Amino acid sequence: VSQQGGEEKPSMARAFFTSFVYVLAMALTYTIVGLVAGLVGADLQAAMQNPWVLTTFAGVFVALAFSLFGYYEIGLPASVQSKLTRASDNAQGKGIAGTAIMGALSALIVGPCTAAPISGAVLFISHTGDALLGGTALFVMSMGMGMPLLLVGLGAGKFMPRPGGWMTRVSQTFGVMMLALAVFMLSRILPGSVTMILWALLFIGTAVYMGVFENREDEGAMKLFRVLAIVFLLYGSSLFIGALSGANSVLKPFEKFTSGKAAAAATIAIEDQASRLGYSIARLQAEVAASDKPVVVDFGKDSCTACTELEEITFPDPAVQEELKRFTFIQIDLTVNTEEDKALLKEYGLFGTPNIIFFDTDNNYLPEKSLTGFIKPEAFAEHLKGI
């Protein structure tokens with residue numbers, strides 16, 4: 001790209017400007033996707049929870065993983081790929097206009113590599129139905145994606161890493177990440193113990209792939225690589241033993257061996273013992289009005305990893321437990337994603353899970369105190385003191 005201006009050795013300013021045009025064209029291509037998602041406003045989140053959809057996506061990630069491991073190659077049909085490549089090649093050497101064409105085409109060529117973040121952004125955009133927000137969000141995201149290219153352009157290509165064996169390692173690392181995504185997808189529909197076995201196999205297999213049992217002399221940084229492989233092996237073995245014991249949590253694989261302590265730690269001061277499902281705006285407001293204490297409302301769902309971390313790490317913490325004695329603690333499960341669930345999120349301006357909102361003793365909603373995502377026990381206990 002930095003050679004698009006026609007110069008053998010372009011100046012730093014020229015190279016940066018050329019790279020900027022390339023990235024800008026790529027960003028505009030993604031922006032169109034955001035605009036369409038915002039205008040259509042399709043609710044894709046519920047469909048993504050369907051077992052068939054999750055299984056299909058998991059299968060795709062497994063296929064991509066084995067491709068990255070080098071067992072086969074996955075790509076666009078040869079006819080389509082050749083046309084895109086030919087168009088990109090023809091654009092080379094045609095100055096700024098050619099650079100812009102190459103940037104737009106690159107968004108189509110490398111699009112599958114960015115499917116995960118784009119899907120997440122589109123889900124948020126389609127939920128809001130705001131076309132302007134959609135276009136802006138995808139534009140900002142794609143400009144961030146292109147930042148490394150801008151840095152390379154700023155250095156006029158001087159700092160571009162050379163191809164070599166390290167690229168194979170990078171591909172293999174992404175292959176492991178793809179398998180991890182597949183297990184994560186399946187964890188939403190499989191029993192906890194089965195999911196733990198899959199995680200165990202992934203960690204043990206990764207350790208073997210890293211050569212944990214190979215008899216060789218490691219030097220320098222490779223010794224640290226061997227230590228990491230041993231850690232993976234030990235953790236994978238722990239998960240496997242935990243799964244056989246009937247444990248369901250990858251964070252606490254030995255919970256069955258310390259069941260007494262775990263049960264005591266997991267006791268949370270929840271005033272309302274009714275089901276977490278089936279909440280409506282009216283029901284929540286009625287429970288808030290009936291409380292003579294400040295109220296904490298936790299929105300979560302089964303497929304949310306951060307929600308699980310809150311329940312297993314943050315809420316059972318002794319310091320948090322002590323602070324929660326001053327509150328009425330309500331937990332709402334949004335797994336089913338009913339119309340009432342959606343209405344609840346819209347009522348309080350929330351998106352997804354986990355979200356924690358607060359009400360004072362006069363039943364006033366405190367939006368400035370709301371929390372999103374996982375929060376450590378110490379920070380959450382400190383936050384509760386300010387309510």
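The values are calculated or read from the model by the stated rules, or taken from the named source; none is laboratory data. Values in this document were obtained by computation on a predicted structure and should not be read as measured data. Cβ placement follows ideal geometry from the backbone for every residue including glycine, while neighbour counts extend to all protein chains displayed. All accessible areas refer to the heavy atoms of the entire protein, side chains included, with ligands and DNA or RNA removed. Shrake-Rupley method; radii C 1.70, N 1.55, O 1.52, S 1.80 Å.
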Item to check | The one condition in (1) among the aliphatic types (A, V, I, L, M); (2) more than 30 Å from residue 206 (Cβ to Cβ); (3) at pLDDT 75 or above; (4) open to solvent by 40 Å² or more (accessible area, probe 1.4 Å) that residue 27 fails to fulfil | outcome: (4)
Item to check | Residue list for segment 332-355, restricted to those being of a type in the set (Lys, Arg) and either in contact with a Pro (Cβ under 6 Å, 6 or more places away or on another chain) or surrounded by fewer than 14 Cβ atoms within 10 Å (Cβ to Cβ) (or both) | outcome: 346
Checklist outcome for this item: All-but-one check, residue 302 against (1) out of contact with any helix residue (DSSP H, G or I) (no Cβ under 6 Å at 6 or more places or on another chain); (2) touching a residue at least 60 places away in the same chain (Cβ under 8 Å); (3) under 21 Å from residue 367 (Cβ atoms), failing number (3)
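Scanning segment 172-214 for residues that are under 18 Å from residue 55 (Cβ atoms) and of a type in the set (Gly, Ala, Ser), which turns out least open to solvent (accessible area, probe 1.4 Å)?
So in segment 172-214, the residues under 18 Å from residue 55 (Cβ atoms) come out as 178-192, 194-195, 197-199, 201-202.
With the extra rule that they be of a type in the set (Gly, Ala, Ser), the set shrinks to 180, 182, 187, 192.
Numbers: 180: 27, 182: 4, 187: 43, 192: 26 Å².
Once the filter is applied, the top-ranked residue is 182.
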Item to check | Options 302, 298; residue that is open to solvent by 20 Å² or more (accessible area, probe 1.4 Å) and not in a helix (DSSP H, G or I) | outcome: 302
Checklist outcome for this item: Of 345, 384, 366, the only residue that is under 22 Å from the mean Cα position of the chain (by Cα) and aliphatic (A, V, I, L, M) is 345
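Only one of 281, 241, 332 is modelled with pLDDT of 80 or more and within 30 Å of residue 214 (Cβ to Cβ); which? Write out each step before concluding.
Details: 281 fails: within 30 Å of residue 214 (Cβ to Cβ); 332 fails: within 30 Å of residue 214 (Cβ to Cβ).
Being modelled with pLDDT of 80 or more and within 30 Å of residue 214 (Cβ to Cβ) holds for just one of 281, 241, 332, which is 241.
Here is a yes/no grid of residues against (1) over 20 Å from residue 180 (Cβ atoms); (2) of a type in the set (A, V, I, L, M):
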position: 205; (1), (2): no, no
position: 208; (1), (2): no, yes
position: 214; (1), (2): yes, no
position: 225; (1), (2): no, no
position: 230; (1), (2): no, yes
position: 234; (1), (2): no, yes
position: 242; (1), (2): no, no
Checklist entry - within 28 Å of residue 181 (Cβ to Cβ) and in a helix (DSSP H, G or I), is that true of residue 346? => result no
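Select, from 277, 310, the only residue that is open to solvent by less than 10 Å² (accessible area, probe 1.4 Å) and among the hydrophobic types (A, V, I, L, M, F, W, C).
Working: 277 fails: open to solvent by less than 10 Å² (accessible area, probe 1.4 Å).
Exactly one of 277, 310 is open to solvent by less than 10 Å² (accessible area, probe 1.4 Å) and among the hydrophobic types (A, V, I, L, M, F, W, C), namely 310.
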Checklist entry - Looking at (1) within 30 Å of residue 335 (Cβ to Cβ); (2) open to solvent by less than 50 Å² (accessible area, probe 1.4 Å), can you tell me which one residue 241 breaks? => result (2)
Checklist outcome for this item: Reported set for segment 356-377 where residues are touching a helix residue (DSSP H, G or I) at 6+ places or on another chain (Cβ under 6 Å) and open to solvent by 40 Å² or more (accessible area, probe 1.4 Å) is 363, 374
